[in-house]
Amino acid sequence: MTDPEGPERRTGGDYAPSPAARLDLFQRAGGIITPLMTALLAFLIGGFAVLVTGHNPLKVYKAIFLGTGLQWLIPGVGDRELQASNLQQTLLIVTPLILTGLAVAFAFRCGMFNIGGNGQYIVGSMSAAWFGTHFAGLSGVPHVLLAMLAAALAGAAWAGIAGVLKATVGAHEVITTIMLNWIAYWIGSWAYGLGGPLQDPAQPSVPISQDIAPSSYLHVFWGDPLLQGLHIGFFIALGALVAFWIVLNRTTLGYEVRAVGFNPEAARYGGISVRRNYFLAMAISGLFAGVAGSLDVLGWEHRLNVNDIQGFSVGFVGIAVALLGRNTAVGTFFAAVLFGALVSGTSGRHLDASIFRPDLAGNLTSIIQGLVVLFVGADLLILYLWSIRRRLGFGKRTAEEEATAT
Amino acid sequence: MSVDAVRANLRDALFEVRSVGLAGIVLGVAACWIALPPLAARSVVWPIVFALGAIGCGAYAARAGENRVGWGAIAAGFLGAVGGIAATRAGVHNLEAVFVWSALLAATLRWATPLTFAAIGGLFSERSGVVNIGLEGMMLMGAFWGIWGADKLGNWILGLAVAAIAGGLLALVHAFFSIHLRADQIVSGTAVNFLALGITGYAFIDIYGDAGTPSGISEIPDVHLGFADDTPLIGGIAQLNLMIWLSILVLVASYVFLFRTPWGLRLRSVGEHPRAADTVGINVYGVRYGAVVLSGMLAALGGAYLSMGQVHSFNQNMTVGRGFIALAALIFGKWRPFGAFGAALLFGFSTALAFQLSNVQAWESSSILFRTIPYVVTLVAVAGVIGRSIPPAAVGRPYKKQ
C-alpha cells in the first residue's frame, strides 16, 4: 500500500486544497477590523436588497434588533419582561451555534473544513433523544450526563468516519462530510417517520419520537420552563469555548493539531503523526456538534420529529459563525451571538410583522449569511481592505503581505 | 490475417479481465433480477447460483488488477444475493406492485434528469479547475427564476432563458470570487448556496406571498412517442418531458465538445495544468469564467425542469440536496460525461425504487433508506475501495498570472 501522506499520491484528497490550507492568512489578516467590516458590508448589501423591494432597511434592522431582546442589557426602557423572554430565546439559539461554530473551527485549525456539522448535530440529537427516552429510572444529573455523553460520542463517531477516511485513504473531508450530512438526514427521516423504528408507538400517525423523560431535562435557570426559558446548556456552551481554547493553546494535542493545520509536511518532519491528528481533530469537531444536538433536545425540544430533522440548519450557520469568528474561541462567541440574534430576531415569534414579514426576514438572514461567508472566503479582498488600513498608517506591511496582496 | 490470429484475438477479447469483471456485475444484477417479476423465481437456489458466479468473476478480475470492476462485481454479487433472496421471501403480489419496469424506467429518467444537467454543469466547471459546491444554489436559482420568467413573459422557452441567465449570474459571482479574487473555491461555493437559498426564498415571498406560484403558468411540454405507446417495458417513456430528452442531447454534445474538439482540449488543459496552458497562449481566466458560467446555466436548467416540467410550482428550497447528489454523480462518474450520466441514472433509479417500494404498506417505512444510496455509494467511491475517483489535477487551485 502506498503511503497516503506521501507527496506523490493523488487521491480524492486532491479534490481542491482544503480552505483551511490558507489558515495562516485567515488568522493573520485583519484582527477584529476585517470581521467587523465583513459583517457590516454584508448587512449593507442585505439592507440594499430590502430597500430595492420597497421597505425601509433601517426600520427593518431596528425591528429585528428589538426582536432579539438584546436591549434588555440596557436597563430602563420598554417592556422588561418581554425583552427578557426574547433574550432567552436568542440565547437558546446562540447556545448550539457556539458549539457548531466550534465544530467547524476546531477542524479548521487542523487544516480541514468540516461542512458536516449539521449531520453530526442530527446524530447527536437522535442519541440524546434515545437516551433521554430510555433509562427513565435514573435521577437527573446522571441521566443528563449519560444523554450528553452519548450525543458527544455519536457526533464524534459520525465525524470520525470522515476523519478515518481522510487519514487512511486521503478522501477529501468536504466531500465525505457533505455525504454524511445527507445520510444522517435520511436516517433521521426514516427513524421517526411513520412505521420507523424510533417513532412514538403511542401516536402511530405522527412522525415524531417519544418524549424524553423529565429526569433528562436540562435545568431552566432563567425564565419559565413551560415557555422555553434559558437552560443551563448555555453555560455548557460557554464552558466548551474555554475548553476549546485550553485544548488548542495549552495542550500537546492542540499544539500538534495547530502544527498540522499550519503545515502538515513540516509537522510530519517534526515527528507529529498527521493521520492521528486528522482523525482526532475531526472526532473532537464532531463531539462539539453532537453536544449541540443534545443541548437542544434536553434543553427545550424534548422530542424530535421528521420536520425538525429535515429543517435543521444550525450546523450550516455554524460554518458562517466559525469563519466570521476567525476560528478562535472569542471570535466564535461573538459571531454566534450575532447570528443567533439574527435568526431569533427574524423569527415569526419575535419580529413585528407589521414592519417586515418574518418569512422575508428569515431569507434575509440566509442572504447575509451567504455574503459573510463569501467575503470571509475572499482573503484577497480582506487583504486589500487590510492594506488600505495599513496605508492609512495603522501599521507596517510585511513583504509577504505585499506579495500576496498584489 | 490468419484464422489462428483471429481466434487468438477473439480469445483475448473473451477473457479480457475487464469483460470478466463486467460479466460479474451483470450476473450480480441477474441474481436479484431473476427473483423479480416477470420471472419471479421462487427458489433461493437461483439467486445464490448467479451471485456465486458474480463473486467468482469479480475475484478473478480483482486479482488480475481490475480493482474497480472486480470489487464492483463482488459487491454486486453480495447485494444481488441479498436482494434476490429477500425477493423470493416476499409476496409475488407485492413484488408486482413495486417492480413495474416501464414505470420504474420512466421514473428513473425523471429523477435523473435534473441530476444530469447539474452534473454536466459541474463537469465543465471542475474540468476547467474550479470546484463547484454551489451547484445546489444554481439549480435553485433556475427553479425559481425559470418559473418566474415563464409566468411574467408568458412562455416556457423564455422561462428557460431566464433560468439560465439567473444560474449564470450566480455562477458569475462564484467565478469572480474564485478566479479573480482567488478566494477559496469551496468556501465561495458554500456561500453561493446560502445566497441562492436566501435570494430565491426572499423573491418568492416578496412576489408571490402566501399564495405561491399561480397555476396555469406555461409549462415545458411533454414529448409523445407514438410507437412506444403499447410496447412493453418502454411504454413508460412514451410520454416524457422534453427536458429529459434535452438532457441526453446536452450529455452527448458535452462529450463531443470536451473530448473531440480543440476547445474541449483547451478547457481540460486549463484544469490539469494551467501554467502550461497559459504558456501556450490559452487565456486561463477566460476559459474558467466561461466554464463556470456555463456550469451555472446548465445546473439552472436542471432546476428549471423541477419547477416548470415536473412539479409545476415553486417551493422554498425545492431542490433539497439534488445539487449535492449531482456533485456525487460527478465524483462517482470520475469526472467523465457518461460516467456522471451513469451515476445519475443509478441515483435516479434508487430514488424511483424508493418511491415504488412505498406502494407496499409493509415496505413504506424502510423505503426511505433507499434515499441514502447516492451518498453511501459516493462515500465508498471516494474511499477508493472500488477504484478511486481521481479529480482533474488543478481543481480547486486558484491560478495566479505571472
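Give me B:Ile34, B:Ile186, B:Ile48 ranked fewest to most by other Cβ atoms within 10 Å of their Cβ, as a rough exposure proxy.
Details: B:Ile34 19, B:Ile186 26, B:Ile48 16.
Final ranking by Cβ density, sparse to dense: B:Ile48, B:Ile34, B:Ile186.
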For this session: Mean Kyte-Doolittle of at least 0.0 plus a Cα span of 20 Å or more along the axis: flag which DSSP H helices in chain A meet both, please.
Result: A:33-52, A:80-109, A:117-133, A:140-169, A:173-192, A:233-250, A:274-296, A:329-345, A:358-377
Exercise. Hey, got the average number of other protein chain Cβ atoms within 10 angstrom for residues in A:168-180?
Worked result: 6
Problem set entry | Two-site FRET efficiency, B:Phe176 against A:Ile246, from Cβ-Cβ distance with R₀ of 30 Å, rounded to 0.05 | 0.15
For this session: Assuming R0 = 41 Å, can you tell me the calculated FRET efficiency for the pair B:Val6 and B:Val320, based on Cβ-Cβ distance, to the nearest 0.05?
Result: 0.15
Seminar exercise, completed: Per the C-alpha gyration tensor (a ≥ b ≥ c, the square roots of its eigenvalues), segment A:112-248 is rounded if a/c is under 1.5, else prolate if a/b beats b/c, else oblate; here it's oblate
Exercise. Considering every residue in B:391-401, what mean count of other chain Cβ atoms within 10 Å of its Cβ is obtained?
Worked result: 3
Exercise. How high is the FRET efficiency between B:Thr231 and B:Ala253 when r is their beta carbon distance and R₀ equals 35 Å, given to the nearest 0.05?
Worked result: 0.80
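Of B:Met139, A:Met37, B:Met297, B:Met318, how do they rank once you tally other Cβ atoms within 10 Å and put the fewest first? The partial results should precede the final answer.
Working: B:Met139 36, A:Met37 17, B:Met297 25, B:Met318 20.
Ranking B:Met139, A:Met37, B:Met297, B:Met318 by Cβ neighbours within 10 Å, fewest first, gives A:Met37, B:Met318, B:Met297, B:Met139.
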Seminar exercise, completed: Any helix of chain B counts here only if DSSP assigns it H throughout, its Cα atoms span 20 Å or more along the axis, and its mean Kyte-Doolittle hydropathy is at least 1.0, and such helices are B:17-33, B:45-63, B:156-175, B:185-208, B:242-260, B:284-304, B:337-357
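Please compute, for peptide B:318-329, the average count of beta-carbon atoms on other protein chains lying within 10 Å of each residue's beta-carbon.
2
In debye to the nearest 20, how big a dipole does segment A:12-375 give about its Cα centre with +1 on each Lys and Arg Cβ and -1 on each Asp and Glu Cβ?
Details: 16 positive and 15 negative charges, 175 e Å.
I would put it at about 840 debye.
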Exercise. Which one of A:Val141, A:Gln369, A:Leu342 has its Cα pushed farthest toward the positive end of the charge dipole of the protein assembly as shown, where Lys and Arg give +1 and Asp and Glu give -1 at the Cβ?
Worked result: A:Gln369
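At 222 nm, what value in deg cm²/dmol follows for the protein assembly as shown if DSSP H runs of at least 4 each add -39500 (n - 2.57) and the sum is divided by all its residues, to the nearest 500? Don't skip to the end; give the middle numbers.
Working: 34 runs with 538 residues, N = 808.
That calculation yields -22000 deg cm²/dmol at 222 nm.
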Seminar exercise, completed: Any residue on another chain or 5+ positions along whose placed amide H is under 5 Å from the amide H of B:Val223 is listed here as B:Leu240, B:Asn241, B:Leu242
For this session: Quick one: check the C-alpha center-to-center distance for segment A:119-169 versus segment B:48-82, whole angstrom.
Result: 36
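Contact order normalised by length for segment A:239-278, with contacts defined as Cα pairs under 8 Å and 6 or more residues apart; what percent is it? Numbers along the way, then the final one.
Numbers: 25 pairs, mean separation 10.9, N = 40.
Once divided by the residue count of segment A:239-278, the mean separation gives 27 percent.
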For this session: Classify the protein assembly as shown as rounded, prolate or oblate, taking a ≥ b ≥ c as the square roots of the eigenvalues of its Cα gyration tensor: rounded when a/c is under 1.5, otherwise prolate if a/b is larger than b/c and oblate if not.
Result: rounded
Exercise. Which of A:Gly340, A:Gly325, A:Gly170 moves most in a GNM of chain A, Cα contacts under 10 Å?
Worked result: A:Gly170
Exercise. Looking at A:Leu180, A:Val247, B:His273, which one has the Cα that reaches farthest to the positive end of the dipole of the protein assembly as shown (charges on Cβ: Lys, Arg +1; Asp, Glu -1)?
Worked result: B:His273
Exercise. Toward the positive end of the charge dipole of chain A, about the Cα centre and with charges on Cβ (Lys, Arg +1; Asp, Glu -1), which of A:Ala128, A:Leu304, A:Leu73 goes farthest?
Worked result: A:Leu73
Seminar exercise, completed: Final fewest-first order of B:Phe227, A:Phe279, A:Phe339 on the 10 Å Cβ neighbour count is B:Phe227, A:Phe279, A:Phe339
Exercise. Under 26 Å Cα-Cα from A:Lys166, which lysines qualify once same-chain neighbours fewer than 8 residues away are excluded?
Worked result: B:Lys334
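From the square roots a ≥ b ≥ c of the eigenvalues of the alpha-carbon gyration tensor of segment B:1-146, which class results: rounded (a/c under 1.5), prolate (a/b over b/c), or oblate?
Details: a/c = 2.41, a/b = 1.21, b/c = 1.99.
Because a/c hits 1.5 or more and a/b fails to exceed b/c, segment B:1-146 counts as oblate.
Computed from the coordinates by the stated procedures, all read-outs in this text should not be read as laboratory data. Treat the numbers as computed from the prediction; the structure is a model and nothing was measured. Ideal geometry is used to build each Cβ from the backbone, glycine not excepted, and the neighbour counts take in all protein chains shown.
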